[in-house]
Structures are given as C-alpha cells and as structure tokens.
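Below is one structure, written out as structure tokens; the observations come after it.
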Amino acid sequence: MSKDDSQISISDYLLTRLHQVGVTQIFGVPGDFNLVWLDYVTASPLRWVGCANELNAAYATDGYARVKQGLGVLCTTFGVGELSAVNGIAGAFSERVPVLQIVGVPSTGLQTKKALLHHTLGDGRFDAYINCYKQFTIAQANLTKPNIRTGGSDVGDEIDRVIRSALIHCRPTYLTLPTDLVDTMIPSESLKTPLTLESIQKGLAEPKVSEKVQTSIIKQITGMYEKAKKPIILVDACCIRYGVQKLTQELIEKTGMTYFTSPMGKTAIDEQHPQFGGIYVGDITIDSVKEAVESSDFTLYVGSLKSDFNTGSFSWHIEPENTVELHSDMTVVQYAQYPDASFQSLLPKLIPAMERVTREKGNSQQVAIPPNAGLSKSQASKDTEAMMSQDEFWPLWEDFLKSGDVVVTETGTANFGILDVRFPSKTTLVSQILYGSIGWATGTTLGASAAAKEAGRRTILFTGDGSIQLTVQEVSTMLRQGLTPIIVVLNNDGYVIERKIHGENAAYNDIASWRWQEMLHFFGAKEGSTASYAVNNRRELEELFANVDFAKADKLQLVEVMLDRQDAPRGLRAQATMTEKANAEVD
C-alpha cells in the first residue's frame, strides 16, 4: 500500500482479494517473469509453496481447492511454465474445481515490440499461450497498462472478474501479470467492498428466474414426490463443488428419504447418516443397492455428472419420467428443462414444500436402507500370513479411518477399491474420476494435506506403484513443507487398471521396480522425521493399525503394501470389462 491510501500496487490488490476469499497458500514454480511478483507473495500473509514442477503444482492447487472448498491459486512463468501446468488445469476444468492461474509474462513494452524472447515460440506471438488456455479456463484476463481515463480501475475490475468467475462457475480462470505492472499503482477504492465467499454464495442464491417459474417447478416436483411410493435422493459431484451439501442434507432429513451417492459424490453427505443407502454405479453396484435405486419411482438427483466411470459405463437404470435433476445452472423435471433455475436458489424453497408433503403422506412409503454397501470383512482369508486380495484389503481400512480424515485416491485400483469402504463422519474423499490423469493423486496430496493441516486433519493417500512414479518428486516438497500424509503405495508391479482393460501380460503395462523403503531417505528426510513400513499380509496391516504412533500421523509415513500383479478390486474388474467392450464398439 502506498502512503496515499487511495492507491495500491496491482500485486497488493491481487493478494488482498485472494486473502479476502480465503486463500492461505499459493502453489507454483518460480521463473524470471514472476520473481518480482513472488517478492510480494512472500511478504504477504499468504504462504508460498514452491513445487518440483508446474504439473505437480497444478495438481496440488486442485487438491487444496477441494479440501478448502474454495479457491486454489497457481503461479507459473510464461510459456514453459504455464504449458507444463496445462494438464492439471484441464483436469480441474473437467471436474469443476475453482482454480486461478497467475502467469508472470514479459513486459507490455516487449510484447508490443514482438521481441524475440526466451520462452516464446520465436515468431512474435505473445497470445499463443492465452489462446491455448481459453480451451481450459472459464475466464481470462490479460492485464495491460492501466487506462488513465478510468484511473486504472479497469485492472482491479479484471482481477475481481476472474476470481468471481472461478468461484461462481467452479472452473479454472487465467490471469497474466506483466513484469512492468507488478509495482504499478491503481485505485484501492473497490477494496472497501470485500470480495468474500459468503458474498459470492449469497449472490448465487438469488433467483435468476421469475417467482412464477419457481413456483411452477416446485409444484411439479412436489406432485411427483406425492405420488411416489419409493422416493430416493441421489447425490453427485456438483453438490460438493457448488457447496449445497447442507441444503441437500436438510432436504434428506426433512423428507426422511433414503439417499445414495455416485462415486464422484462419495462423502458429499455423511456416510454414517442413518438414511445413507450406499453408492450407485449402474451395473457395477452392490446388488442390494442396485435393487433399491432401480426400484425407485421418484429420484431427486442433485448435481449430476454422468461420466462413464461415474455411471458404470452409462449403465444407470433410472427412468427420466421418474427423475428430477437439480443443477447449478438449470433444473430438469422429467423431460422439461428450466435454464437458470439453480439448486442454490431452488432448494431453500423446495425443502419446506417437500417437508409439507412428507407430513401429509407420512414416511411409511420409503426405500428400505440396504445392508452395508461395503465388502464384508468376512471375505478376509483365514490365513493372516498370506498376501491379501484386493477384496480383502479395502474393507480393513474402515477400522483405521477416523472422523475428519482426508482420503486421496489415484485413478485405477484405489478409485474403485475405496468405493467399498464406508467412511466415518466428516471424512472427505478427493478423487479424479472424470478426468482420470494418472499421477494426479500424489501431486494433489501436497495441496490436500496442506489444507488439511490447517484444520488439524489427517491425510491418507492411496496410489499405485506405477501412478506415483509420474509425480513422485512432490514427496520432497511435502517433506520440506512439514506435511505429514500417510502414503499407501499399492505395490502390484505395474498398471493394473490397464492390464484389466487390455494387455494383461503385455510389456507396455510393466514398470520399473523401485526400492520404496528407501524413497523418503532419498528425498531428504531427516533421521527419525519419517517412517516407512512394508506390509506383506493381513497380520502386518492389522499390527500397523494398532500402532498408536502410526495412527497419530504426526510425521510423513510410507506404507508399501504387496498385492498380486493380476488382482483388482471388485468394481474395477467389472468396469474394466465394460470399458474394453465399449472401446471395441464401432459406429
């Protein structure tokens, strides 16, 4: 801030806005075009987390945003840095995660001259990278010299716009910060009106359709509900992303309806809630859950994302004429669509309306709660010294997980195995089921555990020995940042998900075998500051669970679990068969 309080540097303006919306940490990699900006960051209340590479930093930002349920911020340098991060940003776009990418770029003067600079394509184009990012971000702001006629207020407006857009649409946004504008002063007047998550959410709750339209929608929904004998609620990913879990839980409790989730909606609502029925994945679903969902004559679907792995390769059997879908940007009642009728604005009015109907009709006609949807521990082998099967391994974690845990799972084995684990209350699952970028989970664990540490929560990562090799460098950053996740490496000697889809014994699904017990030492762990464990059978896993020091999770710990190279969880085996069949289909 300058001596004249009416003026503020662009950098301080940006940092103030980020702080206002709840950002506490910024992830990224330094480069010559963002170094001066990083001086401002390190002098601010926000924590700088320097990563091993930009792709991992993008993954970390994604994980941080998911656990915080707010904005994640990534900082890269021009060209080489931002292009390294683009896959992580594409994943955040696909999965509806609010991320702001700040890119340090050459000065406005050098851009105007089309100077032949390093990190360029050598052809004078300085807009090539932002044009690339237009495919993966919901909004972009290419900052230029402040307009003197507007007092420079346009720069502040642009900063506010990209931050708001990320949080409103739950998608990544993009902002360039030229080197000559880092110190440039602009008006501070608009900072007197704070930009907060609460103010943005309040704006989202304001109806964008007329009261008559809302009344008509609610009348149609309650009419369907009133006639239903087996009504259910199905909760999906966008319930989490757009922050309507509390409203959805209120609806569940006021109506008494049994609720189910998709894989991407897992942990949106407490899985220990007495009305929780299980996870529905089409034909992959546990039989009792499948029967309960597919026998329903009224499904209220909150925040759907109907991707292949989220629906069991589109094998959901839910009839549209019995379905209402509530989204962030529309409502669908049977076959009719109502644009701009969002669940943020509709749920507060729908809840009391459906509660009235519930009182009138009573709760006698409800879908029965299926038995525990998880795999039974009784499937465990009697031989505790033998190598565990995947079906035996996953249910055992129900005894170790505790309320408040953050669980991160990798694409493949872990994403499917975790579906059969019923979580304790207030547990958060972080997974990338739609985009499915192998290696994502390790980078994401950096950001997820950074956010979890602020809240005093444990973080547990489940990843394969193949997947972790893509992004393992970020374990060194976790150590440097003093983070203490439990990293569970499933050592099954290769890419099991690929083997199950195609090429069970093909060499392209093999990987190099690493000495996992030496990994933490290699990454610079100080003596006694970490721990590594090798688990060969159920007895050793149960002994580890009984280890009080292990459960404290007060230091970074590696757990290497030996599993058969051809074994896979129940859900993955079924999905792989369906995926291979779909890949072979011709038009």
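The values are calculated or read from the model by the stated rules, or taken from the named source; none is laboratory data. Since the structure is predicted, the reported quantities are computational estimates derived from the model, not experimental observations. Here the Cβ positions follow ideal geometry from the backbone for every residue, glycine too, while neighbour counts run over all protein chains shown.
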(message) As an exercise: evaluate residue 157 against (1) farther than 30 Å from residue 4 by Cβ; (2) surrounded by fewer than 15 Cβ atoms within 10 Å (Cβ to Cβ); (3) not assigned by TED's automatic domain parsing to the domain that holds residue 357 and give the number of the one condition it does not meet.
(response) (1)
(message) Pairs please, first residue from region 485-511 and under 25 Å from residue 540 (Cβ atoms) and modelled with pLDDT of 90 or more, second anywhere and among the charged types (D, E, K, R) and assigned to a helix (DSSP H, G or I), Cβ atoms under 8 Å, 6+ apart in sequence or on different chains.
(response) none
(message) Which residue is surrounded by the fewest Cβ atoms within 10 Å (Cβ to Cβ), if the candidates are limited to region 458-500 and must be part of a helix (DSSP H, G or I) and either outside the structural domain of residue 413 (by TED's automatic domain parsing) or acidic (Asp, Glu) (or both)?
(response) 498
(request) Filter region 1-57 down to residues that are under 24 Å from the mean Cα position of the chain (by Cα) and among the charged types (D, E, K, R), then give me how many there are. (result) 3
(request) Give me the pairs, please: first residue somewhere in region 164-189 and within 16 Å of residue 68 (Cα to Cα), second residue anywhere and assigned to a strand (DSSP E or B) and modelled with pLDDT of 95 or more, beta-carbon distance under 7 Å, and either six or more positions apart or on two chains. (result) 166/99; 166/100; 166/173; 172/99; 172/101
(message) Need the failing condition index for residue 20 against (1) closer than 30 Å to residue 428 by Cβ; (2) crowded, with 17+ Cβ neighbours inside 10 Å, just the number.
(response) (2)
(request) Considering only region 394-432, state which residues are more than 15 Å from residue 461 (Cα to Cα) and either in a loop (DSSP other than H, G, I, E, B) or out of contact with any Phe, Trp or Tyr (no Cβ under 9 Å at 6 or more places or on another chain) (or both). (result) 395, 403, 422, 424, 425, 426
(request) Starting from region 558-587, take each residue that is in contact (Cβ under 8 Å) with a residue 12 or more places away in the chain and surrounded by 20 or more Cβ atoms within 10 Å (Cβ to Cβ) and list its partners that are of a type in the set (Gly, Ala, Ser) and assigned to a helix (DSSP H, G or I), counting only C-beta distances under 8 angstrom and pairs at least six apart or across chains. (result) 568/576; 569/417; 571/417; 572/417
(request) Would you mind stating whether residue 324 is at pLDDT 95 or above and over 21 Å from residue 572 (Cβ atoms)? (result) yes
(request) Report the residue count in region 33-47 for those that are surrounded by 13 or more Cβ atoms within 10 Å (Cβ to Cβ) and touching a strand residue (DSSP E or B) at 6+ places or on another chain (Cβ under 6 Å). (result) 6
(message) Taking the criterion of being assigned to a strand (DSSP E or B) and touching a Leu at 6+ places or on another chain (Cβ under 9 Å), would at least one residue in region 32-47 satisfy it?
(response) no
(request) Return the total of residues in region 316-351 being touching a helix residue (DSSP H, G or I) at 6+ places or on another chain (Cβ under 8 Å) and outside any strand (DSSP E or B). (result) 19
(request) Go through region 217-272 and give me each residue that's of a type in the set (S, T, N, Q), in contact with a strand residue (DSSP E or B) (Cβ under 6 Å, 6 or more places away or on another chain) and either free of Cβ contacts under 8 Å to residues at least 12 places away in the same chain or over 27 Å from residue 93 (Cα atoms) (or both). (result) 220, 258
(request) Please report, ordered by residue number, the helices (runs of 4 or more DSSP H) entirely within region 196-301 with at least 2 residues that are crowded, with 20+ Cβ neighbours inside 10 Å and outside the structural domain of residue 319 (by TED's automatic domain parsing). (result) none
(request) Collect the residues in region 176-195 that are under 25 Å from the mean Cα position of the chain (by Cα) and surrounded by 23 or more Cβ atoms within 10 Å (Cβ to Cβ), keeping them in residue-number order. (result) 176
(request) Go through region 153-177 and give me each residue that's among the polar types (S, T, N, Q) and in a strand (DSSP E or B). (result) 173, 176
(message) Checking residue 581 against (1) outside any loop (DSSP other than H, G, I, E, B); (2) within 26 Å of the chain's Cα centre (by Cα): exactly one of these is not met. Which one?
(response) (2)
(message) Yes or no: region 382-391 includes at least one residue that is in a helix (DSSP H, G or I), modelled with pLDDT of 90 or more and assigned by TED's automatic domain parsing to the domain that holds residue 570.
(response) yes
(request) Please name all residue pairs, on different chains or six or more residues apart, with Cβ atoms under 8 Å, provided the first residue is in region 192-206 and is under 21 Å from residue 329 (Cβ atoms) and the second residue is among the basic types (Lys, Arg) and outside any loop (DSSP other than H, G, I, E, B). (result) 200/164
